[in-house]
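The structure under discussion appears below in the form of structure tokens.
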Amino acid sequence: MSDKTAIPPSPSEDDYVRQVTAAEPPALLSETDPFLLFDGWFQEAVAKEPHDANAMALATVDASGVPDVRMVLLKGVDSTGFVFFTNLESAKGRQLADHPQAALLFHWKSLRRQVRARGEVTAVSDAEADAYFATRARPAQIGAWASDQSRPLPERLALEKRIAETGLRFGLGKVARPPHWSGYRLAPQSLEFWRDRPFRLHERLAFDRAPGGWTTSRLFP
């Protein structure tokens, strides 16, 4: 018996190509319409992501131009953009009033995919805000009145007291939408779809808005 340790042969270029091809993900649903592609990915995320498939990171900038980011929930999407709701007097509300541009990031870990979007942000209509607010659970509606979002809270009891007082004020009646609570729509000027592939040969497909449609390009990972 030989004392030499057997060293397996290095995989050939053909072997490497076969491994990559075997793990090739299915074709993208659309390489011309980013919203069609997003809808397909989002529906998969809703079916497979264990928690909050509609969670997205929202990045804004403050008065000094310093970036700020937090997680929010997507509450609507169509060909005009991505919709979310918040207290208009919160940090993000004030920042968007001063600089109505933002970026979004969806990360679906279970699918090993992410989507980025950047663009201008505008307020939704009062009718749209009213319609969504009416679907919220009553405690969330009362909380929208009681919380001075992003501002100093002297103690936890102060918030609980406000919630109790607000609940008594509305009683069993309808809770109207507060004037300081509404929504925004981010209309993307650019989107990027990223998905994992073997050997870190990840796939990146970028969309940029152009007159009459979108231009697409593939990016190095």
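Each reported figure results from applying straightforward, stated rules to the coordinates on display, with no laboratory input. The structure presented is a predicted model; accordingly, all values stated were derived computationally and were not measured. Here Cβ is always computed from backbone atoms with ideal geometry, including for glycine, and neighbour counts include all displayed protein chains.
Here the ratio of the Cα radius of gyration of the chain to 2.2 N^0.38 Å is 1.37. The GNM of the chain, with springs linking C-alpha atoms under 10 angstrom apart, assigns the highest mean-square fluctuation among Gly119, Gly76, Gly65 to Gly65.
Across the range 172-186, coupling constants 3J(HN,Hα) worked out from phi with the 6.51/-1.76/1.60 Karplus curve, θ = phi - 60°, read 9, x, 5, 9, 6, 5, x, x, 9, 10, 7, x, 10, 10, 8 Hz, and Gly and Pro carry x. Sequence-ordered 3J(HN,Hα) estimates for the range 196-209 from the Karplus curve with 6.51, -1.76 and 1.60 and θ = phi - 60° stand at 5, 9, x, 6, 6, 8, 5, 9, 10, 10, 10, 10, 10, 5 Hz, glycine and proline given as x.
Database remark: amide H of His202 closer than 5 angstrom to the amide H of Arg197 (H placed geometrically; neighbours at sequence offset of 5 or more, or on other chains; Pro and chain starts carry no H).
Relative intensity of the range 135-176 on a log10 scale, I(q)/I(0) at q = 0.24, 0.33 Å⁻¹, equals -0.81, -1.21, per a Debye sum over C-alpha point scatterers of equal strength in the absence of solvent. Post the alpha-carbon centroid distance, the range 45-88 to the range 133-177, in whole angstrom. Each part's Cα centre sits 22 Å from the other's.
Annotation: peptides 150-163, 178-191, ranked by per-residue average of other Cβ atoms within 10 Å with the highest first, follow the order 178-191, 150-163. Amide H to amide H, with H built 1.01 Å from N, Arg113 comes under 5 Å of Trp108, counting only residues 5 or more places away or on other chains. Sequence-ordered 3J(HN,Hα) estimates for the range 110-124 from the Karplus curve with 6.51, -1.76 and 1.60 and θ = phi - 60° stand at 5, 9, 6, 9, 8, 10, 10, 9, 9, x, 7, 10, 10, 6, 6 Hz, glycine and proline given as x.
Taking label positions 7 Å along the Cα-Cβ direction at both His202 and Ala176, the computed distance is 4.8 nm, reported to one decimal. Normalised by the number of residues in the range 143-221, the mean separation of alpha-carbon contacts (under 8 Å, six or more apart) gives a relative contact order of 18 percent.
Amide H contacts for Gln101 (H built 1.01 Å from N in the peptide plane; partners 5 or more residues away or on another chain; cut-off under 5 Å): Val121.
Computed over the chain, relative contact order equals 20 percent, with contacts defined as Cα pairs under 8 Å that lie 6+ residues apart.
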